[in-house]
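Below you'll find the structure, written out as structure tokens, and then a few comments.
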Amino acid sequence: MYIFLVGVTLLMGIAVGWSIGANDAANSLGTAVGSRVLNLKQAIVLICIFGFLGAYFQGSHVVNTIGKGIVPMDQLDKPLAIYLALVASFAACAWVVLATYWKMPISTSHSIVGAVAGAGLAISAPVRWKILLDIFICWLFTPIGAAVLGYIFYRVFKNIFYRIVPRKYLRPVLAGLIITSGCYVAYTWGANDVANAVGVISGSGIISVNISTIIGGAAILLGIVTWGYKVIETVGSEIAHLLPIMAFSVQLASAINVHVYTGFGIPVSTSHSIVGAIFGVGLVRGVHVLNLRIIREIVFCWLATPFISGVIGFLILKGLMVFLKIGG
Amino acid sequence: MKEMRNILGWLGMAEEESILQDAQKHVEETYKTVTYFAEAVKAFIGGDLEAKTVAIEKVRESEHQADILRSKMVNELSESLLLPPDREDLMHFVKTLDKIADWTNGAARLLGFIEQKLPENVLKNISLATELIVSSVSKLKEGIQAVIKNDLKKALADSEAVGRLEHDADDQKKTLIEAIIHTKLEPATLLLSYQLAEYLEGVTDKIEDAADFIKVVAIKAR
């Protein structure tokens, strides 16, 4: 039974990692593909490399927060901690799937944090509300910080870039900047999001933090190569309509923003960071990039996600406790 | 509209939905334009020239409102940093919707110039052609609502119905022109009536163009 539980929990983590790789890979180099700076294959190789490096080198910060920071899973009975890990991953994944079906822009980070807290409450584990509050505050500041950075970067770069870069070097320099900033986005994305897949697994003590980041990174890679390329293609060729300097400013702002939170071990939404940065860049141009309806929907999903995934996690683990007589 | 969780993809879809909702408002305004035109035709057939003038003025005002909505949609499409996946189709759709109101307004203007009482046979055919326009635009409106509600089957059925109505309108135009040329009319009235027949069929053509877009969206989303 124990082996089975461990196996299913690992598979669930891999599924979450796959989903992250499949859906969010386009955030980093989709624009580079769209502006034909890179072809699809080159973009995928770079996203894989930098996403994995981010997960491996800095993923442990956020992995520790999700695994031990919200609920001290390392202090729970191991079987109970594994149940918690399995249910939290399942609840987060279930809500992501449902929200995708309903076309809601939700974040896996928000979903897993809510699910861990909900599952923790179900087994009366000591949920660390102070850390949860810190995370919530950071979520509020993720798009705001990115917007401010995006606004500043675009304002500065748009004014100085064409003055300091000789005309004949414009194209290669711009291409270089877009690729570099895109790789930086991929790196910070891997570093922050790998925890969504394996944070709880590592917290439950099934595997070490280092091994978990390798497994999580590999699952994300799998998502990128099996499905992510389709999303990159769509986003790159059909949707993102950013000028090169704008794309660079958005990517740099978003990556720095996420990197700061990653350093503090805070799981944040890389997607919200990108939306914030795009909003900031749009402000410089005086363009209403996002209308009120769209902003309302994003904010609603942001508020609802942790609560819904938390309730799902709580109910499922409570149900399991009753039916399987665990934790008593 | 593909289901997509990626935030950039989602933003594109949200933009597309927003444009389609504006398109619904636009088609409602266009529907009003057509309805006022039908009122003008009814008044003309009944010989009530004052009511005809009032209805023609309403057509003009409604067309102006549709123009404002068109500008808003074009701005949204051209200003956005993250655009819907089918932006070219959408831009074409916006322009086509606007042409429906434009052509209806053109038909109303021609009707305003016709002062001579037309023979029964011509009036009957003008009335039939107008009914076809009203039916087509109603189906188009339903089609857009169906796309927004993601009822793709109904959207396709409505677009096909518009296609059939356009075919009927082609036949109706032929009948109307036959009626016009077999009637002894003053040269100016003959010319205006002939032009009106062209415009009446033109409106259903534009409605069909807009319905084709609904078909494209519905097929792509399948």
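Only the coordinates and a few stated rules stand behind these numbers; no lab work does. Model, not experiment: these values are computed from the prediction. Every residue, glycine among them, receives a Cβ derived from its backbone with ideal geometry; neighbour counts consider all protein chains shown.
Here is the figure for segment B:1-51: residues that are within 11 Å of chain A (Cβ to nearest Cβ), closer than 28 Å to B:D98 by Cβ, assigned to a helix (DSSP H, G or I) and not small (G, A, S) total 8. Summed over segment B:157-188, the residues that are surrounded by fewer than 18 Cβ atoms within 10 Å (Cβ to Cβ) and among the polar types (S, T, N, Q) give a count of 2. Counting only residues that are away from every other protein chain (no Cβ under 11 Å) and assigned to a loop (DSSP other than H, G, I, E, B), segment A:235-274 holds 5 of them. Scanning segment A:19-50 for residues that are buried (at least 18 other Cβ atoms within 10 Å of the Cβ) and more than 17 Å from the chain's Cα centre (by Cα) yields a total of 10. Just a yes or no: is a residue in segment B:201-209 over 28 Å from B:P119 (Cβ atoms), in a loop (DSSP other than H, G, I, E, B) and touching a helix residue (DSSP H, G or I) at 6+ places or on another chain (Cβ under 8 Å)? There is no residue in segment B:201-209 that is over 28 Å from B:P119 (Cβ atoms), in a loop (DSSP other than H, G, I, E, B) and touching a helix residue (DSSP H, G or I) at 6+ places or on another chain (Cβ under 8 Å). If you go through segment A:1-18 and keep only what is under 25 Å from A:I232 (Cβ atoms) and either surrounded by fewer than 24 Cβ atoms within 10 Å (Cβ to Cβ) or more than 19 Å from the chain's Cα centre (by Cα) (or both), you end up with A:I14, A:A15, A:W18.
Beta carbons closer than 7 Å, at least 6 apart along the sequence or on distinct chains, never pair a first residue in segment B:19-35 that is without any contact (Cβ under 8 Å) to a residue 40 or more places away in the chain with a second that is aromatic (F, W, Y) and assigned to a helix (DSSP H, G or I).
Residues in segment A:289-310 that are within 8 Å of another protein chain (Cβ to nearest Cβ), buried (at least 16 other Cβ atoms within 10 Å of the Cβ) and either out of contact with any Phe, Trp or Tyr (no Cβ under 7 Å at 6 or more places or on another chain) or free of Cβ contacts under 8 Å to residues at least 12 places away in the same chain (or both): A:V289, A:I294, A:E297.
Being surrounded by fewer than 19 Cβ atoms within 10 Å (Cβ to Cβ), under 25 Å from A:A94 (Cβ atoms) and at the interface with chain B (Cβ under 10 Å from one of its Cβ atoms) holds for only one residue in A:K325, A:K230, and it is A:K230. In segment A:84-104 there is at least one residue matching the filter, namely being of a type in the set (V, I, T), away from chain B (no Cβ under 14 Å) and buried (at least 18 other Cβ atoms within 10 Å of the Cβ). Taking segment A:21-44 as the range and being under 15 Å from A:I224 (Cα atoms) and within 10 Å of another protein chain (Cβ to nearest Cβ) as the test, the residues that pass are A:A22, A:N23, A:D24, A:A25, A:A26, A:N27, A:G30. Yes or no: A:I224 buried (at least 24 other Cβ atoms within 10 Å of the Cβ), among the hydrophobic types (A, V, I, L, M, F, W, C), within 14 Å of chain B (Cβ to nearest Cβ) and touching a strand residue (DSSP E or B) at 6+ places or on another chain (Cβ under 8 Å)? Here the answer is no, as A:I224 does not meet what is asked.
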